[in-house]
1. Any residue in segment 84-107 that's closer than 25 Å to H136 by Cβ: show its pairings with residues that are among the basic types (K, R) at Cβ separation under 6 Å, as long as the two are six or more apart or on different chains.
2. Looking at segment 90-128, which of its residues are part of a loop (DSSP other than H, G, I, E, B) and either surrounded by fewer than 14 Cβ atoms within 10 Å (Cβ to Cβ) or touching a Lys or Arg at 6+ places or on another chain (Cβ under 6 Å) (or both)?
3. Looking only at segment 99-120, which residues are touching a Ser or Thr at 6+ places or on another chain (Cβ under 9 Å) and not β-branched (V, I, T)?
4. Limited to segment 131-145, what total is found for residues that are open to solvent by 20 Å² or more (accessible area, probe 1.4 Å) and either under 23 Å from L54 (Cα atoms) or out of contact with any Lys or Arg (no Cβ under 8 Å at 6 or more places or on another chain) (or both)?
5. I'd like to check something: does segment 66-78 contain any residue that is within 20 Å of P16 (Cβ to Cβ) and either in contact (Cβ under 8 Å) with a residue 12 or more places away in the chain or not small (G, A, S) (or both)?
6. Condition first: open to solvent by less than 50 Å² (accessible area, probe 1.4 Å), in contact with a Ser or Thr (Cβ under 9 Å, 6 or more places away or on another chain) and free of Cβ contacts under 8 Å to residues at least 60 places away in the same chain. Can you find one or more residues in segment 46-59 that meet it?
7. Just one of S77, S34, S23 is exposed (fewer than 14 other Cβ atoms within 10 Å of the Cβ), in contact with a Leu (Cβ under 7 Å, 6 or more places away or on another chain) and of a type in the set (G, A, S); which is it?
Amino acid sequence: MPELTWPGKKLAQPSPASLITDSIIYPDGKGYPSAQPENRLILGDNLAVMSALLPEYEGRINLIYADPPFFTNRQFSARIGRGEDSRKPDEWELAEGYHDHWDDLDAYLDFLYQRLVVMHRLLAPNGTLYLHLDWHADAYARLLLDEFFGADEQGVTREGRGAAVGGIPHERIRGAQGPDLPEPLSRSLEEIG
């Protein structure tokens with residue numbers, strides 16, 4: 001099996017986050033006050049949060065959709081205003097957004113690798129992982145996914161096209177599936193459109 005290597009590649013032991021329940025929301029008041037919540041929204045560093053979920057969910061998650069940084073080495077702005085006209089970006093209220101900056105490719109690969117390892121552990125044998133990246137990191141991610149799933153368990157790439165790059169494919173959703181899925185992954189990507 002091929003393996004992508006870089007200086008300093010090693011699996012770190014992440015420190016699990018302490019998950020604290022801040023609020024419980026009952027949509028439309030259904031189930032209040034006795035029903036247990038069916039879902040969770042967790043705010044925090046995803047590596048620490050996923051590590052905290054391992055004792056309860058290892059090998060039990062059916063679907064993971066991950067949209068990590070794209071290794072663009074750019075700083076992004078975030079819209080913070082409400083009700084602005086989307087056709088007038090000059091009038092938007094902006095704040096400092098996410099910094100997609102890395103010292104080098106090795107630092108980015110290590111960031112991605114640590115998270116993919118935990119996602120693979122959380123994924124059920126019949127689970128599916130969708131990884132959303134663009135051309136900056138897609139080829140590297142493919143090799144990392146090959147380490148966990150094997151080259152035969154991938155085979156799905158859905159490319160997006162955008163006016164910003166002249167109609168050239170620039171974003172990809174890479175799919176990987178566990179060995180127990182009964183149908184090819186490509187069918188499920190076509191169905192979600």
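1. The qualifying pairs are D100/R74.
2. Taking segment 90-128 as the starting set, the residues that turn out to be part of a loop (DSSP other than H, G, I, E, B) are 92-93, 101-104.
Answer for segment 90-128, where residues must be part of a loop (DSSP other than H, G, I, E, B) and either surrounded by fewer than 14 Cβ atoms within 10 Å (Cβ to Cβ) or touching a Lys or Arg at 6+ places or on another chain (Cβ under 6 Å) (or both): W92, E93, H101, D103, D104.
3. D100, H101
4. Going through segment 131-145 one residue at a time, the tally reaches 5.
5. yes
6. Yes, segment 46-59 contains a residue that is open to solvent by less than 50 Å² (accessible area, probe 1.4 Å), in contact with a Ser or Thr (Cβ under 9 Å, 6 or more places away or on another chain) and free of Cβ contacts under 8 Å to residues at least 60 places away in the same chain.
7. After ruling out the rest, the residue left standing is S77.
Here is a yes/no grid of residues against (1) within 18 Å of R115 (Cα to Cα); (2) assigned to a helix (DSSP H, G or I); (3) modelled with pLDDT under 85:
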| residue | (1), (2), (3) |
| --- | --- |
| G8 | yes, no, no |
| A12 | yes, no, no |
| D28 | no, yes, yes |
| P33 | no, no, yes |
| I42 | yes, no, no |
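The values are calculated or read from the model by the stated rules, or taken from the named source; none is laboratory data. From a predicted model like this one, the values you see are computed outputs, not experimental measurements. Here the Cβ is made from the backbone with ideal geometry for all residues, glycine too, and neighbour counts use every protein chain on show. Keep in mind that these areas ignore ligands, DNA and RNA; they rest on the heavy atoms of the full protein, side chains included. Shrake-Rupley method; radii C 1.70, N 1.55, O 1.52, S 1.80 Å.
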